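As structure tokens, the structure follows; a few thoughts come after it.
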Protein chains: 2
Amino acid sequence: MDTFLEKIGKNAKKAECTVRNLSTGKKNEVLYAAAEKLLSCTELILKANEEDVRKGKEHHMPEGLIDRLLLNEDRILAMADGLRQIAKLEDPIGEVTGMKKRPNGLLIGQKRVPLGVVGIIYEARPNVTSDAFGLCFKTGNVAVLKGGSDALRSNEAIVTCIREALRENDVTENAISLISDTSRETAAAFMKMNQYVDVLIPRGGRGLIQTVVNTSTIPVIETGTGNCHIYVDETADLQMAANIVINAKTQRIGVCNACESLLVHKNVTKEFLPLIGELLREKNVEIRGDQETQRLIAQAVAASEEDWGTEYLDYILSIKVVDSVEEAIAHINHYNTGHSEAIITNNYVHAQKFLDEVDAAAVYVNASTRFTDGQEFGFGAEIGISTQKLHARGPMGLPALTTTKYIIYGNGQVRP
Amino acid sequence: MDTFLEKIGKNAKKAECTVRNLSTGKKNEVLYAAAEKLLSCTELILKANEEDVRKGKEHHMPEGLIDRLLLNEDRILAMADGLRQIAKLEDPIGEVTGMKKRPNGLLIGQKRVPLGVVGIIYEARPNVTSDAFGLCFKTGNVAVLKGGSDALRSNEAIVTCIREALRENDVTENAISLISDTSRETAAAFMKMNQYVDVLIPRGGRGLIQTVVNTSTIPVIETGTGNCHIYVDETADLQMAANIVINAKTQRIGVCNACESLLVHKNVTKEFLPLIGELLREKNVEIRGDQETQRLIAQAVAASEEDWGTEYLDYILSIKVVDSVEEAIAHINHYNTGHSEAIITNNYVHAQKFLDEVDAAAVYVNASTRFTDGQEFGFGAEIGISTQKLHARGPMGLPALTTTKYIIYGNGQVRP
């Protein structure tokens, strides 16, 4: 007999064949209907969410997490708007590229197609539920979701709504399923369902992502941690450098594209470190620096080896003085997480060298690392920011949820 | 203290920074030099290979495997030619695509860059050693190779040659390393070296690939098994269908794009099955069929459920009669391995339906599945045929060994 997990897997695989072939018009119709449905179910969703929040408080969930878990009318409105925005995006499915005739007459091209069944594992943010469905559905994929136990009731309510909208529009409701058993064993079994799930995307903190990478036998798209650096070169416009550092460090603290470490060329420390030290003090940012930094910024404390590799996601910045752009690049390539890195410089050779040699998803000259984001890059929607090198790297738009297949038109060719 | 495996990993990671930035000219120079070196070392390589073959025979290695292991002057010439051919291919590295100016003035583009360190795990074919090096090196990647124990001496001799060529051309010899401990424990440890290896590519049989997929925590590019079908539609030109089936089944038996299963529309069985039955008999192909097939082809034996899912790689073909193109597509999507699938038809709607709905890396109309191959597709070289959906699908040319990074030119932009 099938376990309930196998049932979900089989249903998802079965749904795949129909969802894959829906027209863009039909998909958009369903996305608008699902948005309407979320709004008309607001009361039900809020009631389920209240229960989750109550339990969370009972279990002394930290306030930050409660805030992520909490839904209200505005947040449900935002979820519905998210689905409508996805409906407005261009559908990447079906495009055929590079079609060429081979010498033997075969006509070979590459067609963009859905991945199939996409598994998404996430934590306590119920808005990921509708968001992930929207992105997967628009790209013709079936979504199997596994959210955190803290948000179970909220997620169930949202998925119930969306399934209703699917059914009312004559599309299989198995286009979305929620794994309602939130135990570790079920999660581990889910990550090994290679026969039913084509790709797994973890969305959440470092711990979650590491667990998925280490456990899953299904191909994973790794998203997110960012130990991002800004290197202030010898020739930098120091006022620009200060603006960018303050923006990248403090505009939003808990995000993966925030700056965590500052490298400063030795020839500009005397002017730049006191300047940035004062600005950071005003923003209550703790500074952990090397000896030279501590000498020039009164409030700086000593950085440990561990600091260079830490993504603080907090009002803390590590600062190190370097002798050259080469040393900066070597330091970054050693300690970074492959996310976003910036150089502030007016030296053409150094700018090009930094762009060439720094190994990261996004490399900037004279701009804030905070721009690494699907919206900012003009993709309209974002599944996450890939910090791995396979399939997709950097902010992932809808095409990251697709693959290609070769289509070949022949007229009887056989291989000689 | 570092284990020898960690040393290889660290050396590879260190080599990555220099190999990544080599010019196309320099890379080609080294590839030609390595080809020369292989030829001038022919005697040494053959001596090492003789030892491997002698041991293989001692251990009663099957003749097919001995043949794969065996090197001779012609095969070393072919290895050298392979490197020269790779030198002649276009270098995908460095191309920048989609560069666009955002409303805030940021200029954002995607640059093609090497993956970094590529691990390749393979079996007893020593030619994979030079081939894998050539493909990785041309794309600016460092190669860490783990071959089968049966070919250890041959692989060591080849790698020694290539490292000499690298050294003589002032390139770090760690652009290629061979893991000379062929134990299972070392293999398992290698597959978890995420901090040093960016991608793992298994090349070999199903067992090897499954082990890597199940063990590795490093992203894997899965290559190869093919349970390929040909569906002969109601309106097919039956002579063309017969030619294609015979070609796809018998032109080469042990390859992943060979046809393993034939589906025939019920309205053409009376004419087609006796015809193909006779042609298959002449080629000594065993037929395992459903009832209708057995009724119309005297020599056909009964197919079991297992047959529908089996990649024979042998003179065996399963045959099933279906009621419609829909049934054919459903059967294929249930039993195939996502490799190559063909329809033989003169019906426009059925051809398009088959191309749209069959889920595989390559889908053909009126041509043999045997064309799924990097050379046949015009890529010049092939790393393997991906049957997974992430990163690359179908025959993989040089671009499959690359990734992209976003490069962003600003002039002081900060995020509002």
State all residues of the stretch B:377-398 that are surrounded by fewer than 19 Cβ atoms within 10 Å (Cβ to Cβ) and within 11 Å of chain A (Cβ to nearest Cβ); if no residue qualifies, say none. B:GLY378, B:PHE379
Write out, first by first residue and then by second, each pair whose Cβ atoms fall under 7 Å of each other, whose residues are 6+ apart or on separate chains, and whose first residue, in the stretch A:62-83, is farther than 16 Å from A:THR129 by Cβ while the second is among the basic types (Lys, Arg) and part of a helix (DSSP H, G or I). A:ILE66/A:LYS57
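Residue-by-condition table, conditions (1) among the aliphatic types (A, V, I, L, M); (2) at pLDDT 95 or above; (3) buried (at least 23 other Cβ atoms within 10 Å of the Cβ):
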position	(1), (2), (3)
B:PRO126	no, no, yes
B:VAL142	yes, yes, yes
B:GLY148	no, no, no
B:ILE162	yes, yes, yes
B:THR182	no, no, no
Kindly provide the set of residues from the stretch B:179-197 that are free of Cβ contacts under 8 Å to residues at least 60 places away in the same chain, β-branched (Val, Ile, Thr) and within 14 Å of another protein chain (Cβ to nearest Cβ), ordered by number. none
Quick check on A:ILE408: is it crowded, with 23+ Cβ neighbours inside 10 Å and facing chain B (nearest Cβ under 7 Å)? yes
Where B:GLY374 falls short, out of the listed (1) more than 7 Å from chain A (Cβ to nearest Cβ); (2) without any contact (Cβ under 8 Å) to a residue 12 or more places away in the chain: (2)
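For B:VAL255, indicate whether it is closer than 30 Å to B:VAL197 by Cα, crowded, with 24+ Cβ neighbours inside 10 Å and within 13 Å of chain A (Cβ to nearest Cβ).
Details: closer than 30 Å to B:VAL197 by Cα: yes; crowded, with 24+ Cβ neighbours inside 10 Å: no; within 13 Å of chain A (Cβ to nearest Cβ): yes.
So B:VAL255 fails the test.
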Looking at B:ASN49, B:ASN28, can you tell me which residue is within 25 Å of the chain's Cα centre (by Cα) and within 15 Å of B:ASN155 (Cβ to Cβ)? B:ASN49
Anything in the stretch A:203-230 that is in a helix (DSSP H, G or I), within 15 Å of the chain's Cα centre (by Cα) and more than 21 Å from A:GLY309 (Cα to Cα)? List them, or say none. A:VAL212
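Yes/no matrix, rows are residues, columns are (1) out of contact with any Ser or Thr (no Cβ under 7 Å at 6 or more places or on another chain); (2) of a type in the set (Lys, Arg); (3) more than 14 Å from chain B (Cβ to nearest Cβ):
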position: A:ASP2; (1), (2), (3): yes, no, yes
position: A:LYS7; (1), (2), (3): yes, yes, yes
position: A:LYS10; (1), (2), (3): yes, yes, no
position: A:SER23; (1), (2), (3): yes, no, no
position: A:LYS37; (1), (2), (3): yes, yes, yes
position: A:SER40; (1), (2), (3): yes, no, yes
position: A:GLU58; (1), (2), (3): yes, no, yes
position: A:GLU63; (1), (2), (3): yes, no, yes
position: A:GLU73; (1), (2), (3): no, no, yes
Hits in the stretch B:231-251 - residues which are under 21 Å from the mean Cα position of the chain (by Cα) and more than 8 Å from chain A (Cβ to nearest Cβ): B:LYS249, B:THR250
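So which residues in the stretch B:1-10 are out of contact with any Asp or Glu (no Cβ under 9 Å at 6 or more places or on another chain) and either of a type outside the set (Val, Ile, Thr) or surrounded by 16 or more Cβ atoms within 10 Å (Cβ to Cβ) (or both), if there are any at all?
B:MET1, B:ASP2, B:GLU6, B:LYS7, B:ILE8, listed by residue number.
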So B:ASP307 clears everything in (1) open to solvent by less than 30 Å² (accessible area, probe 1.4 Å); (2) free of Cβ contacts under 8 Å to residues at least 60 places away in the same chain; (3) closer than 28 Å to A:ASN411 by Cβ; (4) more than 7 Å from chain A (Cβ to nearest Cβ) except one condition, right? Which one? (3)
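Mind listing just one residue for me: the one in the stretch A:198-222 that is more than 13 Å from chain B (Cβ to nearest Cβ) and touching a residue at least 40 places away in the same chain (Cβ under 8 Å) and, of those, least open to solvent (accessible area, probe 1.4 Å)? Reasoning before the result, please.
So in the stretch A:198-222, the residues more than 13 Å from chain B (Cβ to nearest Cβ) come out as A:202-208.
Okay, now just the ones that are also touching a residue at least 40 places away in the same chain (Cβ under 8 Å), so A:202-206, A:208.
Details: A:PRO202: 0, A:ARG203: 57, A:GLY204: 41, A:GLY205: 30, A:ARG206: 132, A:LEU208: 34 Å².
Within the stretch A:198-222, the match that is least open to solvent (accessible area, probe 1.4 Å) is A:PRO202.
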Which numbered condition B:LYS27 fails, given (1) among the charged types (D, E, K, R); (2) more than 14 Å from every other protein chain (Cβ to nearest Cβ); (3) under 27 Å from B:ASN169 (Cα atoms); (4) surrounded by fewer than 16 Cβ atoms within 10 Å (Cβ to Cβ): (4)
Filter the stretch A:131-168 for residues that are without any contact (Cβ under 8 Å) to a residue 40 or more places away in the chain and in a strand (DSSP E or B); which is nearest to B:ASP359 (Cα to Cα)? A:ALA143
Hits in the stretch B:329-366 (condition: in a loop (DSSP other than H, G, I, E, B) and either more than 8 Å from chain A (Cβ to nearest Cβ) or open to solvent by 10 Å² or more (accessible area, probe 1.4 Å) (or both)): B:ASN336, B:THR337, B:GLY338, B:HIS339, B:THR345, B:ASN346, B:ASN347, B:VAL358, B:ASP359
Assuming A:LYS320 fulfils every condition listed in (1) out of contact with any strand residue (DSSP E or B) (no Cβ under 7 Å at 6 or more places or on another chain); (2) open to solvent by 40 Å² or more (accessible area, probe 1.4 Å) apart from one, which condition is it? (1)
In this structure, does B:LYS101 turn out to be of a type outside the set (A, V, I, L, M, F, W, C) and open to solvent by less than 10 Å² (accessible area, probe 1.4 Å)? no
Name the one entry in B:GLU292, B:GLU286 that is over 30 Å from the mean Cα position of the chain (by Cα), more than 14 Å from chain A (Cβ to nearest Cβ) and open to solvent by 20 Å² or more (accessible area, probe 1.4 Å). B:GLU292
Restricting the first residue to the stretch B:89-116 and requiring it to be farther than 30 Å from B:ASP131 by Cα and more than 8 Å from chain A (Cβ to nearest Cβ), which pairs with a second residue that is surrounded by fewer than 18 Cβ atoms within 10 Å (Cβ to Cβ) and of a type in the set (Val, Ile, Thr) meet a Cβ separation below 6 Å and a spacing of at least six or different chains? B:GLY109/B:VAL96
If you check every pair at least six apart or on different chains, which have Cβ atoms under 6 Å apart with a residue in the stretch A:264-278 that is closer than 9 Å to A:ALA241 by Cβ and of a type outside the set (A, V, I, L, M, F, W, C) first and a residue that is in a strand (DSSP E or B) and open to solvent by 10 Å² or more (accessible area, probe 1.4 Å) second? none
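The values are calculated or read from the model by the stated rules, or taken from the named source; none is laboratory data. Remember, predicted model here, so these are calculated numbers, not experimental data. Reconstructed Cβ throughout: ideal geometry from the backbone, glycine too, with neighbour counts over all protein chains shown. Accessible surface is based on the protein model in full, side chains and every heavy atom, while ligands, DNA and RNA are left aside. Shrake-Rupley method; radii C 1.70, N 1.55, O 1.52, S 1.80 Å.
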